[in-house]
Amino acid sequence: MTPTDPDYWNPFVSKDRLTSPFGPSTRNVCTAFHGVLTGCWQADQNGQPHKLVPLPLDFPGSTLPGGGPSHFVYPIFPGM
């Protein structure tokens, strides 16, 4: 989900979130092991991949196996 989705703002919705200046308009790739997301990358406007930063926040469902849904943020600042 991205901020343009009304459910993004609902803390009781148990879905992964993406905060990025590109939203879903560029390619997103995630890796997972046994259904648990282990990392995500998003391409910028030039097609260069950037590793998304997972935020250590508790969302509904965080007690599910693997920690439940995640919130990934595009690294706007260099070195983030």
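The values are calculated or read from the model by the stated rules, or taken from the named source; none is laboratory data. What you are looking at is a predicted structure, and each value in this text was computed from that prediction instead of being measured. Cβ coordinates were reconstructed from backbone atoms using ideal geometry, including for glycine residues, and neighbour counts include every protein chain displayed.
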Suppose we filter the range 46-60 for residues that are modelled with pLDDT under 90 and exposed (fewer than 15 other Cβ atoms within 10 Å of the Cβ); how many remain? 5
Which of the residues belonging to the range 1-41 are of a type in the set (Gly, Ala, Ser) and over 16 Å from Leu55 (Cβ atoms)? Gly23, Ser25, Ala32, Gly35
What are the residues in the range 1-31 that are of a type in the set (Lys, Arg), in contact with a helix residue (DSSP H, G or I) (Cβ under 9 Å, 6 or more places away or on another chain) and closer than 15 Å to Gln42 by Cα, if any? Arg17
Tally the residues that are of a type in the set (Val, Ile, Thr), surrounded by 13 or more Cβ atoms within 10 Å (Cβ to Cβ) and part of a strand (DSSP E or B), restricting the search to the range 1-35. 1
Complete set of residues in the range 36-47 that are without any contact (Cβ under 8 Å) to a residue 24 or more places away in the chain and either in a strand (DSSP E or B) or closer than 20 Å to Tyr8 by Cβ (or both): Thr38, Gly39, Trp41, Ala43
